[in-house]
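The values are calculated or read from the model by the stated rules, or taken from the named source; none is laboratory data. Quick caveat: nothing in here was measured; it's all calculated off a predicted structure. When we count neighbours, we look across all protein chains shown, and the Cβ atoms used for this are built from the backbone with ideal geometry, even at glycine. Note: accessible area is taken over every heavy atom of the protein model, side chains too, but ligands, DNA and RNA are not part of it. Shrake-Rupley method; radii C 1.70, N 1.55, O 1.52, S 1.80 Å.
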Amino acid sequence: LQVDLWQPSSPSHIVEGAVADVRVPRNTTRSLLPYLQQANIPYTILISDLQQAIENQTGGRPHRNRRSLSGYNYEVYHSLDEIEDWMHYLNRTYSDLVHMFSVGKSYEGRSLYVLKLGKRSRPYKKAVWIDCGIHAREWIGPAFCQWFVKEALQTYQTDPDMRRMLTQLYFYIMPVFNVDGYHFSWTNDRFWRKTRSKNMRFHCHGVDANRNWKVKWCDEGASLHPCDDTYCGPFPESEPEVKAVAHFLRKHRKQIKAYLSFHAYAQMLLYPYSYKYATIPNFNCVESAAYNAVNALQSAYGVRYRYGPASSTLYVSSGSSMDWAYKNGIPYAFAFELRDTGHFGFLLPEMLIKPTCTETMLAVKNITLHLLKKCH
Amino acid sequence: DIDDVGHKYYLELELEDVLDRGRSVSCTAEVLYHLGSTTSAPDVQVTVQGELRSTEEADKEFYNRIRSLEKELVAENIPDSHGNVPPELEPIHLLAWVASGYVIWQNSTENTKFHLAQVKHVKQVKRSDEDLQFDYVVLLHEMVSQEVLPWQVTVLWHPQRGARVSQ
């Protein structure tokens, strides 16, 4: 008679008076139960149909109905209001792991919310900063930020890697950086990119929030014309969103060891510099982190990402958040350009949210675990 | 580099059939960007090695379906904001890719990278001859400037004669 021992971990730990849990195929119960009765061993059936229990937990339902964490659907795009309600919900429900706060207000007066994720396990913990949606039309970004939070909360008890991550680090997650622009892309112009600040002289609105940082500001790869999509702004940190986040990152610069910013589309993992063709001092550490992350990502569905310094891999641009974070002393600064490579572009179908986020999680976890190994 | 003429690129490409992934065809191309010119399109020569899949049946079906419509087809926002394309509009979407290809070719330099972002609007125009005519407004996304700009293109299509862009 063979049984699958679930508890304790080894037969040598089975002692009189202690509980043992076993799993047997249905037909084995015909011989096992009478045997236990004869031997005067009390038993309880915990799960009468294991297959059913597994099916209830996982598959069987179509993608659109996959709900968790109170019915929130992570496989559709959400409006700004829905995302803010979701953050409030998590703040109330997972108060031991989640703390929601605001770093300031947008041009149009909206709060700039950030979630601080992690176990309050010790007084001082290093941190990772993640932002999504610097560019309004890149909807897969905020979708990933929400997915990341969901994965963290759902798996930190069962996944040893996630448990380590949330125990040893804090994660600052900003699901929507450019709240005004994101709202505008839902209500008016799906292809809006910039913020929504008004310009004094021209009829055009907005500044490219990824050209507005104080690092070689408005040099190559940015435009001085207010109507252009890469407009750098009237001066660095002119945009309240950029100013607020820069202020927060400056304040916490000793604590924050990685800066990750999520964009779309191109399927790339980029690191500094964007504003010049040059090699960063800690190139070896950063390059190997990127190499491993891209391989981890590819292991999910075979999707290939290119990686390298932004200037030579994508294009030269100045005033980017990634370059600024790096200049400010954050040793690992990355920008992701998520799926795809132009077929759907910004209009990535909702059914591709899950695979995109799943593979990207592997990359982010990989970078985080690399970070914990101390190669700065 | 070709002095006084421009820059010539020799390319080896692999074409993947979007509707039949796993099937790919090799091709070679020569692209000549003219010196200093922003007004003329690059010269392109392409040789396809191998065969492209026959689409005769699907072409005929699409052609007959459109010809038998009572009212001219009109549609907008393909894909929609969430990336969805209704199945019956998929051929219209694919034809838009072809039309965009022409516009992109005509407007490309060594410093541009265009993709079709969305079909903003498409209107069928009934014709007395055998061609189908579609007037498109397509949005093209240019990577370097990050601009998304509308372009008007008129496409004529026929199952045997294929697609032609009429300016």
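Annotations
- Count of the range B:48-64 residues, restricted to those that are touching a residue at least 12 places away in the same chain (Cβ under 8 Å), of a type in the set (D, E, K, R) and out of contact with any Lys or Arg (no Cβ under 7 Å at 6 or more places or on another chain), is 4.
- The numbered conditions (1) over 25 Å from residue A:354 (Cβ atoms); (2) surrounded by 18 or more Cβ atoms within 10 Å (Cβ to Cβ) are all true for residue A:105 except (2).
Conditions tested, residue by residue: (1) without any contact (Cβ under 8 Å) to a residue 60 or more places away in the chain; (2) in contact with a Leu (Cβ under 9 Å, 6 or more places away or on another chain); (3) open to solvent by 40 Å² or more (accessible area, probe 1.4 Å).
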{"position": "A:155", "(1), (2), (3)": "yes, no, no"}
{"position": "A:168", "(1), (2), (3)": "no, yes, yes"}
{"position": "A:210", "(1), (2), (3)": "no, no, no"}
{"position": "A:242", "(1), (2), (3)": "no, no, no"}
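- All positions within the range B:122-150 that are part of a strand (DSSP E or B) and either more than 14 Å from chain A (Cβ to nearest Cβ) or among the small types (Gly, Ala, Ser) (or both): B:122, B:123, B:124, B:125, B:132, B:133, B:134, B:135, B:136
- Note on the range B:151-162: among residues that are part of a strand (DSSP E or B) and crowded, with 16+ Cβ neighbours inside 10 Å, the one that is farthest from the other protein chains (Cβ to nearest Cβ) is B:156.
- Considering the range B:1-21, the residues that are part of a strand (DSSP E or B) and over 19 Å from the mean Cα position of the chain (by Cα) include one that is farthest from the other protein chains (Cβ to nearest Cβ), namely B:2.
- The helices (runs of 4 or more DSSP H) found entirely in the range A:264-348 that carry 2 or more residues being closer than 25 Å to residue A:253 by Cβ and within 14 Å of another protein chain (Cβ to nearest Cβ) are A:310-313.
- Only one of the numbered conditions (1) within 21 Å of residue A:141 (Cα to Cα); (2) of a type outside the set (Phe, Trp, Tyr); (3) surrounded by 14 or more Cβ atoms within 10 Å (Cβ to Cβ) is not met by residue A:299, and that is (3).
- Residues that are touching a residue at least 24 places away in the same chain (Cβ under 8 Å), hydroxyl-bearing (Ser, Thr, Tyr) and in a strand (DSSP E or B), drawn from the range B:22-47: B:26, B:33
- Selected residue (criterion: farthest from the chain's Cα centre (by Cα)) from residues of the range A:3-29 that are closer than 17 Å to residue A:50 by Cα and open to solvent by 100 Å² or more (accessible area, probe 1.4 Å): A:26
- Considering only residues in the range A:170-208 that are surrounded by fewer than 24 Cβ atoms within 10 Å (Cβ to Cβ) and in contact with a Ser or Thr (Cβ under 6 Å, 6 or more places away or on another chain), the one that is nearest to the other protein chains (Cβ to nearest Cβ) turns out to be A:190.
- Pair list, Cβ under 6 Å, 6 or more apart: the range A:214-230 residue within 13 Å of another protein chain (Cβ to nearest Cβ) and within 10 Å of residue A:320 (Cα to Cα), other residue open to solvent by 30 Å² or more (accessible area, probe 1.4 Å) and not in a loop (DSSP other than H, G, I, E, B): none
- Looking only at residues of the range A:349-376 that are open to solvent by less than 30 Å² (accessible area, probe 1.4 Å) and charged (D, E, K, R), we find that the one that is nearest to the other protein chains (Cβ to nearest Cβ) is A:350.
- Taken together, the residues in the range A:30-46 that are polar (S, T, N, Q) and open to solvent by less than 70 Å² (accessible area, probe 1.4 Å) amount to 1.
- Single condition residue A:310 does not satisfy, out of (1) at pLDDT below 95; (2) open to solvent by less than 10 Å² (accessible area, probe 1.4 Å): (1)
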